[in-house]
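Enquirer: Provided herewith is a single structure, encoded as structure tokens, for subsequent inquiry.
Only the coordinates and a few stated rules stand behind these numbers; no lab work does. As the structure is a computational prediction, the values presented were derived from the model and not from experiment. Reconstructed Cβ throughout: ideal geometry from the backbone, glycine too, with neighbour counts over all protein chains shown.
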Amino acid sequence: MAKELWKGNEAIAEAAIRAGCRCYFGYPITPQSEIPEYMSLHMPKAGGVFLQSESEIAAINMVYGASGAGARVMTSSSSPGVSLKQEGISYMCGAELPGVIVNVMRGGPGLGTIQPAQGDYFQATRGGGNGDYRLIVFAPANIQEVVDLMQEAFELADQYRMPVMMLLDGMIGQMMEPIEWKKPPVSPDDLPAKPWATTGTKEGRAPNIINSLFIDPEACNVHNQRLEEKYRRVIENEQRYETNDTDGAEVIFVAYGTPARLARAAAGLLEKEGIKAGVFRPVTVWPYPYEALHEVAIQDSVKVVVTVEMSTGQMVDDVRIGVNGVKPVSFIGQAGGVIPTPREVANAALKALGR
Amino acid sequence: MAIVYQRSKGLTDVETHYCPGCTHGIIHRLVAETLEELDILGKTIGVAPVGCSVFAYDYFNCDMQEAAHGRAPAVATGIKRVLPDKVVFTYQGDGDLAAIGTGEITHAAMRGENITTIFVNNAIYGMTGGQMAPTTLVGQRATTAPLGREKSHAGSPIRIAELLATLDGAAYIERVTVTSPANVMRAKRAIRKAFELQLEGRGFTMIEVLSTCPTNWGLTPVKALEWLNENMIPVFPLGVYKDITKEEA
């Protein structure tokens, strides 16, 4: 199939529709407003629901209601707006509701800036809402991967009955790249049934109840342990990562999203200087591919592990957990919308090597 | 022997947790009877709030969703937009609807969201133990207003029925109470009308029901009914605030 040129935000919206999503609720915020704009035109054409909500809080609660009513549903926002969605995300996890949340990250904290950043890693992977919960978090590094992962995001959300987050930095949302639509579109009619959904009893069954309240401590503990068991299954089965030239490398860069592309360029610069460098790129940042990273880092050839982020250092904590002390871990990053250059990244590796 | 009165099919046989004398039980029954009489129990999805009626999902005999505090109108919007042929209602207290959830209820009404809201106003936070609500009367004592609500400090009570009636999307707004058999009958008629208008696709409908909280008001159930009649109704006058069917006539 011929390649088409797509902007990231529009591609993710189209990919959602092709993944059988027929329900979108959202609120405008830069740098992701092309998603609701695209949805406002194309979702009704696909026979679906588009609604611009009065706030991100309302949007995520509309997602909650629609998901509870059995719809394949999503919302999108950017960092400050995703902060507002945390309450609803926690409730969706508690009530075990599927749904996809797109975060096109910008600089923070607070109002920060509208330029690309990765400062929401902790929020995405540790949870910004209350209680013991997890999200599956995909961190695509190019627009082809964005559209490829979108269908999987909805499928995993339904399979595990939990929200899935697509964690993009603003660069991925705003740039254009040639892509291919590899998977055939999914019809909402072909999606698996959701017998738990509140669609009306027709007085033929007991009422379905969507709920996250378990007032009895024992019952709430049982609920939490059951969720934890589910999260363990996700950890076992859903880790995704990619390696580039990591076999026999002296330097291992670890990065997700846009910085992974910078790290590839930095590895090329080091190669010209006679230093073999590779890139380990987590595609899921939760569950994090700790063991796979450990296997790469423990190779005899590896002298240093260099984490690259568009933040002041958040994923580096997971890198340290994965490497677990077998090799030194260092960090290079810029925040607030400043993107490190490949030369700066390469220099950080040289510094870590003591050269 | 003829049965003249029994539990509505719209209620489950779960024993409610409401305090003695609380009027939530009456209001639940009125909603349940309406759903049964209109034969819509099997196509209704209710949304429970956070507050005293948080367990409403266990009491109504239809599909239910439990919402975060104040978010019931947003949750109901999500349900209704996905299932436009179903009947969707929210059941919310004054803390839930008139404080933390003012944004959600206002915009649901503004959009003319085709849902019905049962707004139970007892002028206090019941579940959390008698704190001041946005609907607490000036001078009324609460655990966070121990000397009584002071207008200069906390303002005056918010009148939600009047507020929402200004919005074009609101099809029917009425304030009722359940302090006497006659008032209960009036409340029932109002609730039924709201659901009927929803079935006709007319837009947002809300019935505000003035309700008692003997426990947190520190009154006996009978005294609480009297207190409501004497003190709440002058501040929150009963009546129809919006009726799209009259405007068209």
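Enquirer: So what is Rg over Rh here for segment A:222-355, counting just Cα atoms and using Kirkwood for Rh?
Expert: Checking Rg against Rh, the ratio lands at 1.02.
Enquirer: Further question: Regarding chain B, what's the average projected area of the Cα-atom convex hull, expressed in nm²?
Expert: 13.5
Enquirer: Right, here's the next one. Whose amide H sits under 5 Å from the amide H of residue B:48, counting only residues 5 or more places off or on another chain, with H placed in the peptide plane?
Expert: B:65, B:66, B:67
Enquirer: Which of the aspartates and glutamates could a cross-linker bridge to residue B:43, judged by Cα under 12 Å and excluding same-chain residues fewer than eight apart?
Expert: The qualifying aspartates and glutamates are A:203, B:63, B:85.
Enquirer: Based on other C-beta atoms within 10 Å, arrange A:1, B:132 from fewest to most. Intermediate values should be presented prior to the final figure.
Expert: Values: A:1 6, B:132 21.
So the residues, fewest neighbours to most, are A:1, B:132.
Enquirer: Further question: Amide H neighbours of residue A:115 under 5 Å, at least 5 residues apart or on other chains, H built in the peptide plane: list them.
Expert: Long-range HN contacts for residue A:115: A:107.
Enquirer: Separate question: Determine ³J(HN,Hα), in whole Hz, for all residues of segment B:131-137 in sequence, where each value follows from phi through the Karplus function 6.51 cos²θ - 1.76 cosθ + 1.60 and θ = phi - 60°; x replaces Gly and Pro.
Expert: So the J values, rounded to whole Hz, are 7, 5, 9, x, 9, 4, 6.
Enquirer: Moving on. Per residue of B:47-54, what is the mean number of Cβ atoms on other protein chains within 10 angstrom of that residue's Cβ?
Expert: Taking the mean over all residues of the peptide, I get 2.
Enquirer: Now for a different question. Taking amide H positions as placed in the peptide plane 1.01 Å from N, state which residues far from residue A:49 in sequence (5 or more) or on other chains have amide H under 5 Å from it.
Expert: Under 5 Å from the amide H of residue A:49 lie the amide H atoms of A:23, A:24, each far enough along the sequence or on another chain.
Enquirer: Follow-up. For peptide B:100-112, what's the mean number of Cβ atoms from other chains within 10 Å of each residue's Cβ?
Expert: That average works out to 2.
Enquirer: Now, a different point. In the neighborhood of residue A:159, defined by Cβ-to-Cβ distances under 14 Å, what is the net charge if each Lys or Arg adds +1 and each Asp or Glu adds -1?
Expert: -1
Enquirer: May I ask you to sort A:231, A:290 by Cβ crowding, counting other Cβ atoms within 10 Å and putting the fewest first? Write out the running numbers ahead of the final one.
Expert: Values: A:231 20, A:290 17.
Arranged by neighbour count, lowest to highest, A:231, A:290 become A:290, A:231.
Enquirer: Right, something else. Over all directions, what mean area does the Cα convex hull of the protein assembly as shown project, stated in square nanometres?
Expert: 31.6
Enquirer: Over segment A:242-353, what relative contact order in percent results from Cα pairs under 8 Å that are six or more residues apart?
Expert: Here the relative contact order equals 31 percent.
Enquirer: Of B:9/B:242; A:85/A:230; A:194/A:230; A:45/B:246; A:202/B:193; B:9/B:86, which ones are farther than 25 Å apart at the Cα?
Expert: The pairs that break the limit, which is 25 Å between Cα atoms, are B:9/B:242; A:45/B:246.
Enquirer: List, in order, the whole-Hz ³J(HN,Hα) value for each residue of segment B:11-27 obtained from phi through the Karplus relation with A = 6.51, B = -1.76, C = 1.60 and θ = phi - 60°; use x for Gly and Pro.
Expert: 10, 7, 8, 6, 6, 6, 9, 5, 5, x, x, 5, 8, 3, x, 5, 5
Enquirer: Okay, next question. What number, in percent, do you get for the relative contact order of chain B if the mean sequence gap of Cα pairs under 8 Å and at least 6 apart is divided by its residue count? Let's see the in-between values first.
Expert: Numbers: 515 pairs, mean separation 46.6, N = 249.
Across chain B, relative contact order equals 19 percent.
Enquirer: Between the alpha-carbon centers of segment B:141-192 and segment A:316-344, tell me the distance in whole angstrom.
Expert: Comparing the Cα centres of segment B:141-192 and segment A:316-344, I get a distance of 57 Å.
Enquirer: What number, in nm² with one decimal, is the all-direction average of the projected area of the convex hull of the alpha-carbon atoms of chain A?
Expert: Its average projected convex-hull area is 19.0 nm².
Enquirer: Starting at the first residue of segment A:144-152, write each ³J(HN,Hα) from the Karplus equation 6.51 cos²θ - 1.76 cosθ + 1.60 with θ = phi - 60°, in whole Hz, x for Gly and Pro.
Expert: 4, 5, 3, 6, 5, 7, 4, 4, 4
Enquirer: What order, most packed first, do the peptides B:60-68, A:27-35, B:112-120 have when packing is the mean number of other Cβ atoms within 10 Å of each residue?
Expert: Descending mean neighbour count gives B:60-68, B:112-120, A:27-35.
Enquirer: From other protein chains only, count the Cβ atoms within 10 Å of every residue's Cβ in B:80-88, then give the mean.
Expert: Whole-number average of other-chain Cβ neighbours for B:80-88 is 6.
Enquirer: Now, a different point. With a 10 Å cut-off between alpha carbons and a GNM built on chain A, which of A:106, A:232, A:22 moves the most?
Expert: Evaluated over chain A, the most mobile residue of the options is A:232.
Enquirer: Okay, moving on. Please say if segment A:38-130 is rounded, prolate or oblate, where rounded means a/c under 1.5 for a ≥ b ≥ c the square roots of the C-alpha gyration tensor eigenvalues, and otherwise the choice is prolate for a/b larger than b/c and oblate otherwise? Write out the running numbers ahead of the final one.
Expert: Working: a/c = 2.28, a/b = 1.32, b/c = 1.72.
Oblate, since a/c reaches 1.5 and b/c is not below a/b.
Enquirer: Something else now. At most 14 other Cβ atoms within 10 Å and a DSSP loop assignment: could you name the GluC sites (Glu not before Pro) in segment A:282-355 that fit?
Expert: none
Enquirer: Could you tell me which of rounded, prolate or oblate describes segment A:101-171, using a ≥ b ≥ c as the square roots of the eigenvalues of the alpha-carbon gyration tensor, with rounded for a/c under 1.5 and, failing that, prolate when a/b is larger than b/c and oblate otherwise?
Expert: Taking the square roots of the gyration eigenvalues as a ≥ b ≥ c, segment A:101-171 is oblate.
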